[in-house]
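In what follows, a single structure is set out as structure tokens and then discussed.
The values are calculated or read from the model by the stated rules, or taken from the named source; none is laboratory data. Please read these numbers as outputs of a predicted model, since none were measured by experiment. For neighbour counting, all protein chains shown are included, and Cβ atoms are generated from backbone atoms with ideal geometry for every residue, glycine included. Note: accessible area is taken over every heavy atom of the protein model, side chains too, but ligands, DNA and RNA are not part of it. Shrake-Rupley method; radii C 1.70, N 1.55, O 1.52, S 1.80 Å.
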Amino acid sequence: IRLQMQAAYTCDAKGEATLTMDKPVYTLTVMCPVQPGKEESVLRTINEEVARLSQHVDESLLDKVKSHVRKRFETGTQGNAYWDDVIYKYVHNGVDNRADYPLIISAQTAKRIQWFMKEFMKHAGKVTVVMLPKEMGTDLFHRMKDLAFVRKNIKTPMKRMAH
């Protein structure tokens with residue numbers, strides 16, 4: 001989107017797993033400030049790439065992501081906000097999301113991510129949010145059918161993902 005399509009200066013994706021009433025909720029959010037007029041092609045590309053993760057995950061890219069996540073984990077543990085979150089989750093959910101974190105990151109493989117994305121996409125509800133300048137009107141909103149924000153419960157326990 002940024003390099004090949006030259007449609008955005010940045011594009012960011014974030015995955016999250018949380019517990020809501022003792023049930024896991026998995027969220028995938030893609031945020032991408034897009035050049036006007038390229039919204040539809042960017043949304044189509046985002047959706048194609050998310051769907052493609054259930055079929056193929058690039059091992060070399062996965063290794064880079066795992067390295068980045070490990071570094072972020074090591075430096076992130078130094079702040080109060082991090083420890084506040086760890087304590088909150090342990091007290092309220094009985095989950096120690098710190099203890100096995102490095103092992104969980106190391107255990108991720110292309111096949112595990114493909115399996116997870118297949119399950120995620122089977123059960124995913126989708127929402128697209130496009131913010132437009134007032135002068136662009138609502139025409140684009142009415143033409144969009146695909147979605148860039150995905151959120152839904154998966155009936156697989158969170159602990160299974162670590163094994």
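Restricting to segment 84-96, give me the number of residues that are out of contact with any helix residue (DSSP H, G or I) (no Cβ under 6 Å at 6 or more places or on another chain) and either surrounded by 13 or more Cβ atoms within 10 Å (Cβ to Cβ) or within 20 Å of Ser106 (Cα to Cα) (or both). Write out each step before concluding.
So the first thing to find is which residues in segment 84-96 are out of contact with any helix residue (DSSP H, G or I) (no Cβ under 6 Å at 6 or more places or on another chain), and the list is 84-94.
From the residues that got through so far, the ones that are either surrounded by 13 or more Cβ atoms within 10 Å (Cβ to Cβ) or within 20 Å of Ser106 (Cα to Cα) (or both) too are 85-86, 89-90, 93.
Qualifying residue count, segment 84-96: 5.
Can we say Leu103 is free of Cβ contacts under 8 Å to residues at least 24 places away in the same chain and hydrophobic (A, V, I, L, M, F, W, C)? Walk me through it before giving the result.
Values: free of Cβ contacts under 8 Å to residues at least 24 places away in the same chain: no; hydrophobic (A, V, I, L, M, F, W, C): yes.
Answer is no for this residue.
Could you identify the single residue in Thr45, Thr18, Thr29, Thr10 that is part of a helix (DSSP H, G or I) and either of a type outside the set (D, E, K, R) or touching a strand residue (DSSP E or B) at 6+ places or on another chain (Cβ under 7 Å) (or both)?
Values: Thr18 fails: part of a helix (DSSP H, G or I); Thr29 fails: part of a helix (DSSP H, G or I); Thr10 fails: part of a helix (DSSP H, G or I).
Going through Thr45, Thr18, Thr29, Thr10 in turn, the sole match is Thr45.
Between a residue in segment 116-130 that is under 13 Å from Pro24 (Cβ atoms) and open to solvent by less than 50 Å² (accessible area, probe 1.4 Å) and any residue that is of a type outside the set (S, T, N, Q) and in a helix (DSSP H, G or I), which pairs come within a Cβ distance under 7 Å, given they are 6 or more apart or on different chains?
Phe116/Met161
What about Val150, is it surrounded by 14 or more Cβ atoms within 10 Å (Cβ to Cβ), in a strand (DSSP E or B) and either touching a Lys or Arg at 6+ places or on another chain (Cβ under 6 Å) or at pLDDT 85 or above (or both)?
Working: surrounded by 14 or more Cβ atoms within 10 Å (Cβ to Cβ): yes; in a strand (DSSP E or B): yes; either touching a Lys or Arg at 6+ places or on another chain (Cβ under 6 Å) or at pLDDT 85 or above (or both): yes.
When the stated conditions are applied, Val150 passes them.
Can you tell me which of Thr77, Thr27, Thr45, Thr20 is open to solvent by less than 40 Å² (accessible area, probe 1.4 Å) and over 17 Å from the mean Cα position of the chain (by Cα)?
Details: Thr27 fails: over 17 Å from the mean Cα position of the chain (by Cα); Thr45 fails: over 17 Å from the mean Cα position of the chain (by Cα); Thr20 fails: open to solvent by less than 40 Å² (accessible area, probe 1.4 Å).
Selected residue: Thr77, the only one of Thr77, Thr27, Thr45, Thr20 that is open to solvent by less than 40 Å² (accessible area, probe 1.4 Å) and over 17 Å from the mean Cα position of the chain (by Cα).
Here are some conditions: (1) more than 21 Å from Met131 (Cβ to Cβ); (2) open to solvent by 60 Å² or more (accessible area, probe 1.4 Å). Tyr9 meets all but one. Which one does it not meet?
All conditions pass for Tyr9, except number (1).
Exactly one of (1) over 25 Å from Gly125 (Cβ atoms); (2) over 21 Å from the mean Cα position of the chain (by Cα) is unmet by Tyr9. Its number?
Checking Tyr9 against (1) over 25 Å from Gly125 (Cβ atoms); (2) over 21 Å from the mean Cα position of the chain (by Cα), the one that fails is (2).
Is at least one residue of segment 77-89 at pLDDT 85 or above, among the acidic types (Asp, Glu) and on the phi < 0 side of the Ramachandran plot?
yes
Can you tell me which residue among Val65, Val57, Val50 is outside any strand (DSSP E or B), modelled with pLDDT of 90 or more and either open to solvent by 60 Å² or more (accessible area, probe 1.4 Å) or farther than 21 Å from Arg112 by Cα (or both)? Please lay out each step first, then the result.
Working: Val57 fails: either open to solvent by 60 Å² or more (accessible area, probe 1.4 Å) or farther than 21 Å from Arg112 by Cα (or both); Val50 fails: either open to solvent by 60 Å² or more (accessible area, probe 1.4 Å) or farther than 21 Å from Arg112 by Cα (or both).
Every option except Val65 fails the conditions.
Mind checking which residues of segment 33-42 are crowded, with 16+ Cβ neighbours inside 10 Å and either more than 8 Å from Ala7 (Cβ to Cβ) or free of Cβ contacts under 8 Å to residues at least 24 places away in the same chain (or both)?
The one that is crowded, with 16+ Cβ neighbours inside 10 Å and either more than 8 Å from Ala7 (Cβ to Cβ) or free of Cβ contacts under 8 Å to residues at least 24 places away in the same chain (or both): Glu39.
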